[in-house]
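What follows is one structure encoded as structure tokens, with my remarks underneath.
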Amino acid sequence: MSHNGIAGTVALVTGAAQGIGRAVAARLAAEGAVVAAADLDADALASLVGDLHADGHKAGFYTADVRDSAAVEQMADAVERDLGPIGHAVNVAGVLATGAVAETPDAQWERVLAVNATGVFNVSRAAARRMAPRGSGTITTVGSNAAGVPRAGMAAYGASKAAATLFTKSLGLELAPRGIRCNVVSPGSTDTAMQRGMWDGDDGARRVIAGSPEEFKVGIPLGRIADPADVADAVCFLASSAARHITMHDLYVDGGATLRA
């Protein structure tokens with residue numbers, strides 16, 4: 001499948017230092033995008049951009065806290081000054097916190113919502129402000145299948161991703177007349193440091209695939225945990241002109257784990 005509509009454009013990717021964000025940055029670069037990689041981890045960003053440069057790709061990196069709207073606006077200005085007009089914005093930056101609601105501290109709830117929901121608002125708004133006058137662009141949010149199915153011990157995370165999902169769809173409705181498409185990619189369990197941090201023991205992957213009736217999880221019908229590249233491929237498709245008539249869509253990349261509830 002040709003992913004035209006990406007080559008030669010500037011793609012801003014948040015959360016690009018590791019995991020899904022790093023895979024998305026690499027995938028878009030491979031399709032010819034000039035990648036603006038954003039994260040708080042400057043060392044990891046420098047490593048990513050060094051790798052992209054070594055492979056012959058154009059890229060730059062920007063440290064910014066997506067929770068800080070002023071910092072996000074400054075970052076967007078810097079990207080357009082250094083690399084050119086932002087053609088694609090991908091919200092990947094996110095944090096996970098687990099635990100029963102009754103035991104969730106205020107600070108934990110606030111942090112999860114601030115990064116996963118407000119961060120998406122800040123970055124998407126900054127991108128929309130710049131794309132709208134030009135009449136083109138895409139905004140893609142990496143959400144989670146936890147936004148569509150209740151998960152015990154993941155209420156804050158699921159709520160934050162549900163907020164980001166509906167926000168992105170609503171933004172897509174507002175921006176459709178300007179030719180700007182806004183979509184969501186919702187992964188399930190993916191082999192990242194965040195996922196591995198929830199495992200207890202060496203058989204974590206097996207137990208995720210098998211499911212857990214006591215936690216009301218059905219497992220993964222396809223019998224495998226996603227690789228970050230699986231999610232990056234979906235993001236790349238939705239950013240491309242191959243998806244030119246797709247907006248306000250939520251694409252689940254979870255191996256059937258939610259039974260598309």
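The values are calculated or read from the model by the stated rules, or taken from the named source; none is laboratory data. This is a predicted model, so every value here is computed, not measured. With ideal geometry, Cβ positions are generated from the backbone for all residues, glycine too; neighbour counts draw on all protein chains shown.
Just to verify a result, which residue in region 26-51, among those that are out of contact with any Lys or Arg (no Cβ under 9 Å at 6 or more places or on another chain) and within 13 Å of Thr140 (Cβ to Cβ), is surrounded by the most Cβ atoms within 10 Å (Cβ to Cβ)? Per the stated criteria, the residue is Leu28. For region 232-253, filtered to residues that are in contact with a strand residue (DSSP E or B) (Cβ under 6 Å, 6 or more places away or on another chain) and not in a helix (DSSP H, G or I), the residue that is farthest from Val208 (Cα to Cα) is Thr247.
Every listed requirement among (1) part of a strand (DSSP E or B); (2) closer than 19 Å to Val185 by Cα is met by Ala36 save one, (2).
For Leu166, state whether it is among the aliphatic types (A, V, I, L, M), surrounded by fewer than 19 Cβ atoms within 10 Å (Cβ to Cβ) and at negative phi. Yes, satisfied.
For Leu83, state whether it is touching a helix residue (DSSP H, G or I) at 6+ places or on another chain (Cβ under 9 Å) and modelled with pLDDT of 95 or more. Spelling it out, it is not the case that Leu83 is touching a helix residue (DSSP H, G or I) at 6+ places or on another chain (Cβ under 9 Å) and modelled with pLDDT of 95 or more.
Number of residues in region 10-37 that are touching a residue at least 60 places away in the same chain (Cβ under 8 Å) and either farther than 17 Å from Ala78 by Cβ or of a type in the set (A, V, I, L, M) (or both): the value is 17. The residues of region 78-108 that are over 21 Å from the mean Cα position of the chain (by Cα) and among the hydroxyl-bearing types (Ser, Thr, Tyr) amount to a single one, Thr104.
Within region 39-71, being touching an Asp or Glu at 6+ places or on another chain (Cβ under 8 Å) and not in a loop (DSSP other than H, G, I, E, B) holds for Leu45, Gly60, Phe61, Thr63, Ala71. For Ala229, the requirement of being closer than 26 Å to Gln18 by Cβ, among the aliphatic types (A, V, I, L, M) and part of a loop (DSSP other than H, G, I, E, B) is not met. Just one of the listed residues (Ala102, Ala93, Ala107, Ala132) is crowded, with 23+ Cβ neighbours inside 10 Å and either outside any helix (DSSP H, G or I) or small (Gly, Ala, Ser) (or both), and it is Ala93. With respect to (1) under 29 Å from Ala76 (Cβ atoms); (2) surrounded by 14 or more Cβ atoms within 10 Å (Cβ to Cβ); (3) over 14 Å from the mean Cα position of the chain (by Cα), the lone exception for Val149 is condition (1).
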